[in-house]
Amino acid sequence: MALISFLSLLIFVLAKKGYSVIKTKDGWKFGPRKKDEVMNNTEVNVHMQCEHFDDYKNTLFNLAKLSYKLAVLEMKIDLVDSQLDYAVKKGSEMIGTMRTVYLSILADKRESKDDITRAKCFVLYESLLEDIIQSKIFMILKMFFRKKSLDDMSEAEFRIGKEDNTRSIMQKITEIIDKKYIYDDEISRVELFEANQSKKYEIIGEFYDIFDQARIFAIEHKEKIVEINSKIEKLLTGGKVHNEISDIRSIK
């Protein structure tokens with residue numbers, strides 16, 4: 001559907017600029033031609049070779065580049081990737097915080113502090129954290145970013161959504177640890193839960209940061225779409241877009 005719309009737009013611009021689109025046995029051809037240039041199976045084009053041909057050609061080329069860039073932006077693939085990349089970074093920091101809590105408890109319980117990071121209980125807990133944060137919570141955030149238009153939310157709507165989702169995620173983390181934390185010979189689940197409470201608001205702050213940054217990315221993404229739409233409008237209405245090619249490449 002997007003391709004058909006794009007081709008229709010190109011044909012419209014061609015007609016607007018005085019071109020004709022001709023189907024020949026060798027494929028589609030367009031553009032002004034000399035009087036004596038006759039294509040097989042077609043009538044002579046009424047449009048003669050025009051001194052403005054290069055301008056028209058550049059207009060079509062720029063329009064095609066802009067339309068392609070717009071289509072890519074509207075799919076939001078780059079936007080979601082940016083949001084998730086930031087979430088992964090913050091997730092690693094959360095795992096580090098929770099690892100530190102666990103190691104602190106373990107160090108207090110053991111006379112020897114050597115190689116406690118190799119302790120079986122710690123290795124299992126670290127693996128559990130990575131599975132929770134980088135897999136299950138990551139997927140929750142991915143679905144949220146794909147479905148929600150954070151840039152269209154009011155400040156109040158966004159704040160409520162951020163708080164509700166963070167509360168839900170925190171509860172999910174607790175539920176998964178409750179279910180899968182089975183190696184508690186040295187550190188019980190209750191003991192671990194109480195120790196993690198000291199970092200509760202720090203973790204909440206990390207999730208708030210993820211949502212805040214996701215909204216910033218969404219707003220910047222929307223601004224790029226508005227910018228490209230403006231350039232397309234200028235091209236269609238006869239306005240000039242300076243340094244178009246370099247401008248397009250700079251929009252990421």
Packing-based order for 128-134, 195-201, using average beta carbon neighbours within 10 Å, highest first:
128-134, 195-201
Is the C-alpha gyration tensor of segment 114-168 telling us rounded, prolate or oblate? Criteria: a/c under 1.5 is rounded; beyond that, a/b larger than b/c is prolate, otherwise oblate.
prolate
GLU74 versus VAL226, label points 7 Å from Cα toward the beta carbon: distance in nm?
1.8 nm
Could you put LEU150, LEU84 in order, starting from the residue whose Cβ has the fewest other Cβ atoms within 10 Å?
LEU84, LEU150
Could you please rank ARG146, ARG99, placing first whichever residue has the fewest other Cβ atoms within 10 Å of its Cβ?
ARG146, ARG99
With +1 on the Cβ of every Lys and Arg and -1 on the Cβ of every Asp and Glu, the dipole magnitude of segment 77-227 about its Cα centre, in debye rounded to the nearest 20, is 340 debye
How do ILE137, ILE160, ILE232 line up, fewest other C-beta atoms within 10 Å first?
ILE160, ILE232, ILE137
Everything considered on the Cα gyration tensor (a ≥ b ≥ c; rounded for a/c under 1.5, else prolate if a/b is larger than b/c, else oblate), segment 77-227 must be described as prolate
Once you place label points 7 Å from the Cα toward the Cβ at PHE138 and SER112, how far apart are they in nm?
3.5 nm
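Bear in mind that the values in this text are calculations on the coordinates, not laboratory data. Just so it is clear, the structure is predicted and the values come from calculations on it, not from any experiment. Cβ coordinates were reconstructed from backbone atoms using ideal geometry, including for glycine residues, and neighbour counts include every protein chain displayed.
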